[in-house]
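Asks: Pasting in a structure now, in C-alpha cells, and then I'll have a few things to ask.
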Amino acid sequence: MTDVAARPSQTSVLLDRMRGVRVASWATAGLLVLAVAIAIVLQPNLLTPYGIASTFATFLPLTLVAVAQAIVVIGGGLDLSAGAIVALSSVVAVQVMQGQDGLAGLGLVAAIGVGLACGAVNGLVVSRLRLQPLIATFASASIFSGLALLVLPTPGGTVPALLTGTFRQAIATVPTSVLLVVAVALGWLVLRRTRVMRHIRATGGDPAAAYASLVPVQSSQLASYALSGAISGLAGLAVLGNAGSGDPFIGGDLALGSVAAVVVGGIALRGGIGSPIGAIAGAIILSLSSTILFAIGLPTSWRALAAGVVVILALALSALGAPRRRR
Amino acid sequence: MTRAVRILRDPVVVAALIAVLLVVVGGLLRPGFASPGQVVDMLRVASFLGIIAIGQTIVVLSGGEGIDLSVGTVATLGAILASRTMAGSDALLVPGVLLALGVAALIGLANGLGIVLLRIPPFVMTLGMLGVVGGLILVVTGGRADGRAAPALVSLVNGRDVLGLPGILLVWLVLGIVVTLVLRRTVFGAQLYAIGTSREAARLSGVPVRRVTVSAYVLSSLFAALGGIAMVGYSQQVFLNLADDLTLPSIAAVVIGGTLVAGGVGGYLGSAVGAIVLTVLTSLLTTLAMPEWARIVVQGVVLIALLAVYGRQRRLRA
C-alpha cells in the first residue's frame, strides 16, 4: 500500500539514482581496467593461478570490509569501527578454535556472531541514541579494540590448518579467495532485492522522506549496521586465514581504507546511492595500486606518499565522474 | 524553560561541569590527582589537543560536511619539520616554526582546493591527504625521525615561567581569545557562520563561499602544525607518529563542546573545554592503573555517554 502511494516520486528518484550510479561506475570501471592492465604488464605472473590466488587472498579482508562499509554508507551512515570489529571477531575466533580443525566451524560462527553483535551495538547507538555515526563509531571502535586486547593481549594463537589451507586452495582451479569474492557479490545481488535492503537505501537517500513513507527508519539503520558488522566478522576470519595467527591490533587502517574503497567505488557518502559491487571494485583498485607501486620498484620511503597521491587522484576522478546531487 | 535550566543545558557548561566532576572524582579515588600541580599538568597536555581543535572547530563550523581528518598527521609533520630545523638551537626556533607553518598552509590549501574545485567531499579529501602527508613524513625522515626541540620551546611548554604556570597555557589562552573574537566580531567570522548555516543563502548574499571554505582548511592545517610543535616542546624529541592519534579526539572535542557537526552553530570555547574533558578522562584512567584494555573500553563508553547527553541528532518526528 505504501508502495502504491509513493510510486510517482519513487520512480523519478529511482531514475535519478540509476543515472547517478551509471556515471560513477564508468569512472570506477575505467580505473579498475587501468589498474589491472598496469599490474599485469608489470607483473605478468599475476595471471598465473598461484598469482591470482595469493593476490586475492591479500585483497579479501579489505574487499569484505569495503562491502560492509558500503551497506552502512548506502544506509546513510558511516562505520569507523569496521577495523576494530575485524580485530575483535578475529581474536575471538582464534581463541575459540584453539588451532583445531574440528572447531573451525565454531570459529566461523563465533566470528560472524561477534561481528553481528558489534554491528548491532553501533546500530542501536546510531538509531536509538541518535548520535552522529562518525563520532558514535569512533567511540565504539575504542570499545571493540579494548575488548580485542582483553581477548588476546598480544599477537599470537594458531589458526586451524583447515582454515589456512582452504584459504590458499583452489576448488576446480578457481582459488577459494576468488570464489569468496564472487560469493559476496552474488550475495549482494540477492540481498538488494529484499525489502530490508530497499528500506536501508530509502533511509540513506532521505531519512525524513523515508519516515514519511512509513519506512521503519530506525530498524533499517539498525539492520544496516548489524549486516555490516556480520560481514566485517567474516573479514576477521579472512584475516586469520591469510595471516595464520591472531592480532588484536589488526584493522587500524581497514576502516579508513574501506571508506576510501567505497568512495572510489562510486558510492556517495551522503547515502542512498551506489552498490557494494562498486566497493569491491574500489577495494581491488586500491590494493592493486599498492601492488603496482611495489612492482615499479619505488623506494620504500616514497611508496606511502605515492599511494596517498594515487588515492587522491582516484577520489578526484570518481568525484568528478559522479553527478552533482540536489543540495 | 527558566534561565537556570537553559544555562545548565548549554553544552559548554555541561562539559565544564563534567571536567570538574572528573577531577573531583579523581581526587577522591587517588589523593593528589586534584592537586594544583596535577591540574596544571593536565591542562598543559590538553593544550596540544586544544590548539589542534581550533582549526577543527573552524572547519566544522564552515559546514558543507566540513571535517579535517588530516590534522593529526599534519601536526606530526609540522613537529618533524620544526624540530629538524631547530635541531636543539634557540636561534633556529623561528625558522623552524615558519617552515612548518608554511608547509602546513600548503597542505591546507590543497585540501581546500580539492574540496572546492574538484568537489571531493571533505571527509574523503582530508582522508586522502592523511595518506599523502603520512607518505611525506616517510620521505622527509627516511623512516627515522631525528631533530630536537629548542630549549626555549621546551621551557615554554615544560617550565613554569608565567606566574608559576607553563607559558604554553598563556599561548593557548591568547589563541583561544583571538579565535573567539575572530569568530564573533570579524567579517570572516560572520561569513564562516553564514556558509556553515547555508551555502546557498551565503552565496546569494555575496559571501565568497569558496574563498572562506579554502581559508578554513588552511587555518586548520596551520593550527594543527602549531599543536604539533607544542607537542615537541613537551616530548623534547620527535616521533614518526607523534600526534597522529589526535585527529579523532580533536573532532570529539569539537562535538563535546556543542558545535554542530552540520556547521554554523557553536564556538571555540566549547572545543577547548572538550579538549580538557578528554585529557582529564585519559589521565584519570591512567592514574587508576586500569589495564590498557579496560582504559580503552571505558574511554569509548564515556564518550558515547557524554554525547548521548547532548550530542544527539534531531528526532525525525519533530
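Okay, residues lined up against (1) crowded, with 24+ Cβ neighbours inside 10 Å; (2) of a type outside the set (A, V, I, L, M); (3) within 13 Å of the chain's Cα centre (by Cα):
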| position | (1), (2), (3) |
| --- | --- |
| B:VAL214 | no, no, no |
| B:SER221 | yes, yes, yes |
| B:ASN241 | no, yes, no |
| B:THR247 | yes, yes, yes |
| B:ILE251 | yes, no, yes |
| B:VAL255 | yes, no, yes |
| B:ALA272 | yes, no, yes |
| B:VAL298 | no, no, no |
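Asks: Within segment B:77-88, does at least one residue satisfy the condition of being assigned to a loop (DSSP other than H, G, I, E, B) and either touching a residue at least 60 places away in the same chain (Cβ under 8 Å) or under 23 Å from B:MET231 (Cα atoms) (or both)?
Replies: The answer is yes, given that some residue of segment B:77-88 is assigned to a loop (DSSP other than H, G, I, E, B) and either touching a residue at least 60 places away in the same chain (Cβ under 8 Å) or under 23 Å from B:MET231 (Cα atoms) (or both).
Asks: Hey, can you tell me all the residues within segment A:209-229 that are small (Gly, Ala, Ser) and touching a Leu at 6+ places or on another chain (Cβ under 6 Å)?
Replies: Matches in segment A:209-229: A:ALA226, A:GLY229.
Asks: So which pairs qualify, if the first residue must be in segment A:261-283 and buried (at least 24 other Cβ atoms within 10 Å of the Cβ), the second must be of a type in the set (Phe, Trp, Tyr), the Cβ gap must be under 6 Å, and the two must be at least 6 apart or on different chains?
Replies: Taking only residues 6 or more apart or on different chains, the pairs are A:PRO276/A:TRP188.
Asks: β-branched (Val, Ile, Thr) and out of contact with any Ser or Thr (no Cβ under 7 Å at 6 or more places or on another chain), is that true of A:VAL73?
Replies: Details: β-branched (Val, Ile, Thr): yes; out of contact with any Ser or Thr (no Cβ under 7 Å at 6 or more places or on another chain): yes.
Considered against the rule, which asks whether it is β-branched (Val, Ile, Thr) and out of contact with any Ser or Thr (no Cβ under 7 Å at 6 or more places or on another chain), A:VAL73 comes out as yes.
Asks: Got at least one residue in segment A:51-71 being surrounded by fewer than 18 Cβ atoms within 10 Å (Cβ to Cβ), outside any helix (DSSP H, G or I) and either away from chain B (no Cβ under 14 Å) or of a type outside the set (Phe, Trp, Tyr) (or both)?
Replies: The answer is no, given that none of the residues of segment A:51-71 is surrounded by fewer than 18 Cβ atoms within 10 Å (Cβ to Cβ), outside any helix (DSSP H, G or I) and either away from chain B (no Cβ under 14 Å) or of a type outside the set (Phe, Trp, Tyr) (or both).
Asks: Say whether the condition of being under 27 Å from A:LEU80 (Cα atoms), within 14 Å of another protein chain (Cβ to nearest Cβ) and over 18 Å from the mean Cα position of the chain (by Cα) is met by at least one residue in segment A:157-179.
Replies: No, segment A:157-179 has no match at all.
Asks: Name the one entry in B:LEU153, B:LEU170 that is farther than 25 Å from B:TYR217 by Cβ, free of Cβ contacts under 8 Å to residues at least 24 places away in the same chain and within 22 Å of the chain's Cα centre (by Cα). Outline the logic, then answer.
Replies: Working: B:LEU153 fails: free of Cβ contacts under 8 Å to residues at least 24 places away in the same chain.
From the options B:LEU153, B:LEU170, the qualifying one is B:LEU170.
Asks: Could you pull out the residue among A:SER177, A:SER220 that is part of a helix (DSSP H, G or I) and at pLDDT below 85?
Replies: Numbers: A:SER220 fails: at pLDDT below 85.
On inspection, the qualifying residue turns out to be A:SER177.
Asks: Hey, among the residues in segment A:216-237 that are in contact (Cβ under 8 Å) with a residue 40 or more places away in the chain and more than 25 Å from A:LEU64 (Cβ to Cβ), which one's surrounded by the most Cβ atoms within 10 Å (Cβ to Cβ)? Write out each step before concluding.
Replies: Kept after step one, since they are in contact (Cβ under 8 Å) with a residue 40 or more places away in the chain, are these residues of segment A:216-237: A:217-237.
This time we only want the ones that are more than 25 Å from A:LEU64 (Cβ to Cβ), so: A:217-218.
On the way: A:VAL217: 23, A:GLN218: 18.
So, considering only residues that are in contact (Cβ under 8 Å) with a residue 40 or more places away in the chain and more than 25 Å from A:LEU64 (Cβ to Cβ), the one surrounded by the most Cβ atoms within 10 Å (Cβ to Cβ) is A:VAL217.
Asks: Pick out the one residue from A:GLY252, A:GLY244, A:GLY274, A:GLY278 that is within 27 Å of A:ALA111 (Cβ to Cβ) and within 12 Å of chain B (Cβ to nearest Cβ).
Replies: Values: A:GLY244 fails: within 12 Å of chain B (Cβ to nearest Cβ); A:GLY274 fails: within 12 Å of chain B (Cβ to nearest Cβ); A:GLY278 fails: within 12 Å of chain B (Cβ to nearest Cβ).
Every option except A:GLY252 fails the conditions.
Asks: I'd like the full set of residues that are of a type in the set (Val, Ile, Thr) and modelled with pLDDT under 95, limited to segment B:63-84. Break it down into steps so the answer makes sense when it comes.
Replies: Restricting attention to segment B:63-84, the residues satisfying the condition of being of a type in the set (Val, Ile, Thr) are B:67, B:71, B:73-74, B:76, B:80.
Result: B:ILE67, single match.
Asks: I want to confirm something. Restricting to segment B:274-296 and keeping residues that are within 12 Å of another protein chain (Cβ to nearest Cβ) and in contact (Cβ under 8 Å) with a residue 60 or more places away in the chain, which single residue is surrounded by the most Cβ atoms within 10 Å (Cβ to Cβ)? Spell out how you get there, then give the answer.
Replies: Initial filter on segment B:274-296 (within 12 Å of another protein chain (Cβ to nearest Cβ)): B:274, B:278, B:281-282, B:285, B:290-296.
Right, trim to in contact (Cβ under 8 Å) with a residue 60 or more places away in the chain and you get B:274, B:278, B:281.
Numbers: B:GLY274: 34, B:LEU278: 26, B:LEU281: 20.
Ranking the candidates gives B:GLY274 first.
Asks: Something else about it: Sort out which residues of segment A:129-156 are more than 9 Å from chain B (Cβ to nearest Cβ) and either within 27 Å of B:THR247 (Cα to Cα) or crowded, with 23+ Cβ neighbours inside 10 Å (or both), and write them in order of number. Break it down into steps so the answer makes sense when it comes.
Replies: Initial filter on segment A:129-156 (more than 9 Å from chain B (Cβ to nearest Cβ)): A:133, A:137, A:152, A:154-156.
Within segment A:129-156, A:PRO133, A:THR137, A:LEU152, A:THR154, A:PRO155 meet the criteria.
Asks: Here's something else I'd like to know. Hey, B:ASP90 hits all of (1) more than 14 Å from every other protein chain (Cβ to nearest Cβ); (2) of a type in the set (Asp, Glu); (3) within 18 Å of the chain's Cα centre (by Cα) but one; which does it fall short on?
Replies: (3)
Asks: Starting from residues that are within 14 Å of chain B (Cβ to nearest Cβ) and hydrophobic (A, V, I, L, M, F, W, C), keep the ones in segment A:92-128 and report whichever is farthest from B:ASP68 (Cα to Cα).
Replies: A:VAL92
Asks: Does B:VAL103 satisfy the condition of being more than 17 Å from the chain's Cα centre (by Cα), in a helix (DSSP H, G or I) and modelled with pLDDT of 95 or more? Reasoning before the result, please.
Replies: Details: more than 17 Å from the chain's Cα centre (by Cα): yes; in a helix (DSSP H, G or I): yes; modelled with pLDDT of 95 or more: yes.
The answer is yes for B:VAL103.
Asks: Next up: Residues of segment A:266-296 being of a type in the set (Gly, Ala, Ser) and either assigned to a loop (DSSP other than H, G, I, E, B) or in contact with a strand residue (DSSP E or B) (Cβ under 6 Å, 6 or more places away or on another chain) (or both), which ones?
Replies: As a first pass, look at segment A:266-296 and keep what is of a type in the set (Gly, Ala, Ser): A:266, A:268, A:271-272, A:274-275, A:278-279, A:281-283, A:287, A:289-290, A:295.
A:GLY266, A:ALA268, A:GLY271, A:GLY272, A:GLY274, A:SER275, listed by residue number.
Asks: Give the residue that is nearest to B:VAL139 (Cα to Cα), with candidates limited to residues of segment B:93-115 that are within 14 Å of chain A (Cβ to nearest Cβ) and buried (at least 24 other Cβ atoms within 10 Å of the Cβ).
Replies: B:ILE107
Asks: Read through the list (1) under 20 Å from A:LEU254 (Cβ atoms); (2) touching a residue at least 24 places away in the same chain (Cβ under 8 Å), then give the number of the only condition that A:SER127 fails.
Replies: Going through (1) under 20 Å from A:LEU254 (Cβ atoms); (2) touching a residue at least 24 places away in the same chain (Cβ under 8 Å) one by one, A:SER127 breaks only (1).
Asks: Can you find a residue that is under 26 Å from A:VAL311 (Cβ atoms), part of a loop (DSSP other than H, G, I, E, B) and at pLDDT 85 or above anywhere in segment A:258-265?
Replies: To start, the set of residues in segment A:258-265 that are under 26 Å from A:VAL311 (Cβ atoms) comprises A:258-265.
Okay, now just the ones that are also part of a loop (DSSP other than H, G, I, E, B), so A:265.
Subsequent filtering for residues that are at pLDDT 85 or above retains A:265.
Yes, some residue in segment A:258-265 is under 26 Å from A:VAL311 (Cβ atoms), part of a loop (DSSP other than H, G, I, E, B) and at pLDDT 85 or above.
Asks: Right, another one. Looking at B:VAL178, B:VAL157, B:VAL97, B:VAL182 in this structure, which one is over 30 Å from A:VAL263 (Cβ atoms), modelled with pLDDT of 95 or more and in contact with a Phe, Trp or Tyr (Cβ under 7 Å, 6 or more places away or on another chain)?
Replies: Details: B:VAL178 fails: in contact with a Phe, Trp or Tyr (Cβ under 7 Å, 6 or more places away or on another chain); B:VAL157 fails: modelled with pLDDT of 95 or more; B:VAL97 fails: in contact with a Phe, Trp or Tyr (Cβ under 7 Å, 6 or more places away or on another chain).
Exactly one residue qualifies, and that residue is B:VAL182.
Asks: Under the condition of being surrounded by 21 or more Cβ atoms within 10 Å (Cβ to Cβ) and outside any helix (DSSP H, G or I), which residue from segment B:122-159 is farthest from the other protein chains (Cβ to nearest Cβ)?
Replies: Per the stated criteria, the residue is B:ALA150.
Asks: Run B:ILE304 past the list (1) within 11 Å of chain A (Cβ to nearest Cβ); (2) touching a residue at least 60 places away in the same chain (Cβ under 8 Å); (3) outside any loop (DSSP other than H, G, I, E, B) and report the number of the one that doesn't hold.
Replies: (2)
Asks: Could you check segment B:175-211 and list, in sequence order, the residues that are out of contact with any Gly (no Cβ under 8 Å at 6 or more places or on another chain) and hydroxyl-bearing (Ser, Thr, Tyr)?
Replies: Selection gives B:THR186, B:SER205.
Asks: Kindly indicate whether A:VAL94 is surrounded by 24 or more Cβ atoms within 10 Å (Cβ to Cβ), in contact (Cβ under 8 Å) with a residue 24 or more places away in the chain, touching a strand residue (DSSP E or B) at 6+ places or on another chain (Cβ under 7 Å) and of a type in the set (A, V, I, L, M, F, W, C).
Replies: Details: surrounded by 24 or more Cβ atoms within 10 Å (Cβ to Cβ): yes; in contact (Cβ under 8 Å) with a residue 24 or more places away in the chain: yes; touching a strand residue (DSSP E or B) at 6+ places or on another chain (Cβ under 7 Å): yes; of a type in the set (A, V, I, L, M, F, W, C): yes.
It is true that A:VAL94 is surrounded by 24 or more Cβ atoms within 10 Å (Cβ to Cβ), in contact (Cβ under 8 Å) with a residue 24 or more places away in the chain, touching a strand residue (DSSP E or B) at 6+ places or on another chain (Cβ under 7 Å) and of a type in the set (A, V, I, L, M, F, W, C).
Asks: Between a first residue in segment A:43-59 that is within 12 Å of A:SER177 (Cα to Cα) and a second residue that is assigned to a loop (DSSP other than H, G, I, E, B) and not aliphatic (A, V, I, L, M), which pairs have beta carbons less than 9 Å apart while being 6 or more apart in sequence or on different chains?
Replies: Pairs that qualify, where the first residue is within 12 Å of A:SER177 (Cα to Cα) and the partner is assigned to a loop (DSSP other than H, G, I, E, B) and not aliphatic (A, V, I, L, M), are A:PRO49/A:THR173; A:GLY51/A:GLN43; A:ALA53/A:GLN169.
Asks: Going by the structure shown, is A:VAL182 free of Cβ contacts under 8 Å to residues at least 24 places away in the same chain, under 16 Å from the mean Cα position of the chain (by Cα) and in a helix (DSSP H, G or I)?
Replies: Numbers: free of Cβ contacts under 8 Å to residues at least 24 places away in the same chain: yes; under 16 Å from the mean Cα position of the chain (by Cα): yes; in a helix (DSSP H, G or I): yes.
When the stated conditions are applied, A:VAL182 passes them.
The values are calculated or read from the model by the stated rules, or taken from the named source; none is laboratory data. Keep in mind the model is a prediction, meaning the values are calculated, not measured. For neighbour counting, all protein chains shown are included, and Cβ atoms are generated from backbone atoms with ideal geometry for every residue, glycine included.
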